[in-house]
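Throughout, read-outs are computed from the coordinates displayed, never taken from laboratory work. Everything numeric in this text was worked out from a predicted model, so none of it was measured. Positions of Cβ are backbone-derived with ideal geometry, glycine not excepted, and every protein chain shown enters the neighbour counts.
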Amino acid sequence: MTDLAAPPPRAEPAPAESWLNTDTPQSRLQARAVALYAGWRKLRSNHLAMLGLGIMLALVLMAAFAPYLAPHDPFTQNLANRLQPIGSPGHLLGTDSLGRDILSRIIYGSRITLYIVGLVALIAPVAGLIVGTVAGYLGGIADVVLMRITDIFLAFPRLVLALAFVAALGAGIENAVIAISLTAWPPYARIARAETLTIRSSDYISAIRIQGAGPVRIITKHIWPLCISSLIVRVTLDMAGIILAAAGLGFLGLGAQPPSPEWGAMISEGRKFILDHWWVATVPGLAIFTVSLAFNLLGDGLRDVLDPKDAKE
């Protein structure tokens, strides 16, 4: 009777992995780390979300190292090399009507895109969170007034309202950021209000109120943290719309002003040559499409992680 070989011993998990996978966290810090690690594992299993995250990281790195990645100065004009096609020597993506290298302008334009997206992502969700939580927690006349103001902003298409604000404020990238932020906050206010209406009647809020906590402390310490996950998902999904709105303002000459290498303005310049020199407008259009798709893919993945109610089966 032959002896069967003993199975190889199972590899023990690393101490850090065991600490992150425990079912009985010993501290608040460990509990948060366990929750974050579980969310990361779920997000990592979504290949499309990871693709979106990879494109976003590439965009950030491209913007950070633009002076080292760009083969030419994005502002230098060379009329002798104007409208060179894709694959031309020294110009991988061709040149525009003033002989400027399109690849270099795309790389430097990523900085403007991140600048607009970052500022709007800081302004609009915060404003919406404040308005929504105050309206939902106080109720009564405050709720009615704040929500009717929100409805007024929601009644207009975002781009049309942004055009009106930019026309009043004047053309420029800073004014474009303000205009887009003023049109982007109402959906966040709606989400925050709905979350607050659900939370404010819970038992633990009543217990905190009995202990003497005031409205400001309850809203900032106990309601805002529970609204953050929904807002993060909405912000990520809205980034594509914000990029398109910024590109639309640039296309109409109301955003970043020449010679700034803003992608929407590059499309506007290239539309005059779209039939014979299609790459001048197509390349920045593909850049906008790629970044918008990346934000949407990542937003879908974050929704599955942060909002189990909407998770896909």
Under 5 Å from the placed amide H of Thr95, counting only residues 5+ away or on other chains, we find Leu83, Gln84, Ile102
Kirkwood radius from Cα pairs of region 85-220 plugged into Stokes-Einstein at 25 °C, 0.890 mPa s, gives D in µm²/s equal to 136
Everything considered on the Cα gyration tensor (a ≥ b ≥ c; rounded for a/c under 1.5, else prolate if a/b is larger than b/c, else oblate), region 21-135 must be described as prolate
Theoretical ellipticity at 222 nm over the chain - DSSP helices of four or more residues, -39500 (n - 2.57) apiece, nearest 500 | -22500 deg cm²/dmol
Measure of size requested: the Rg and Dmax of region 185-313, with Cα atoms as the atom set and Å as the unit; please supply both.
-> 21.3, 73
Cα-projected label distance for Ile208 with Ala155, points at 7 Å along beta-carbon direction, nm = 3.5
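Say R0 is 51 Å: what FRET efficiency, to the nearest 0.05, do Ala164 and Ser88 get from their beta-carbon distance?
On the way: r = 42 Å, r/R0 = 0.82.
With R0 = 51 Å, the Cβ-Cβ based efficiency is 0.75.
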Using only Cα atoms, figure out Rg for region 170-247 and give it as a multiple of 2.2 N^0.38 Å.
-> 1.44
Descending principal axes extents, the chain, alpha-carbon based, whole Å | 85, 73, 32
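Over the chain, what is the relative contact order in whole percent, taking alpha-carbon pairs under 8 Å and six or more residues apart? Walk me through the numbers on the way to the answer.
On the way: 423 pairs, mean separation 67.9, N = 313.
Reported as a whole number, the value is 22 percent.
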For the pair Tyr68 and Leu48, the simple spin-label estimate (label points 7 Å beyond Cα toward Cβ) gives in nm 3.5
Which whole-Hz couplings ³J(HN,Hα) result when phi for each residue of region 284-301 is put into the Karplus expression 6.51 cos²θ - 1.76 cosθ + 1.60, θ = phi - 60°, listed in order with x for Gly and Pro?
-> x, x, 5, 5, 4, 4, 5, 5, 4, 4, 4, 5, 5, 5, 5, x, 4, x
Under the Karplus relation 6.51 cos²θ - 1.76 cosθ + 1.60, θ = phi - 60°, what is the ordered set of whole-Hz ³J(HN,Hα) values for region 258-275, x standing for Gly and Pro?
-> x, x, 4, x, 7, 5, x, 5, 5, 5, 4, 5, x, 5, 5, 10, 5, 7
Region 217-263 to region 63-126: how many Å between their Cα centroids?
-> 22
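May I ask you to compute the full-extension gain from Leu61 to Ile274, defined as 0.36 nm times their residue separation minus their alpha-carbon distance, rounded to one decimal in nm?
Values: separation 213, 0.36 × 213 = 76.68 nm, distance 3.02 nm.
Gain on extension, Leu61 to Ile274, equals 73.7 nm.
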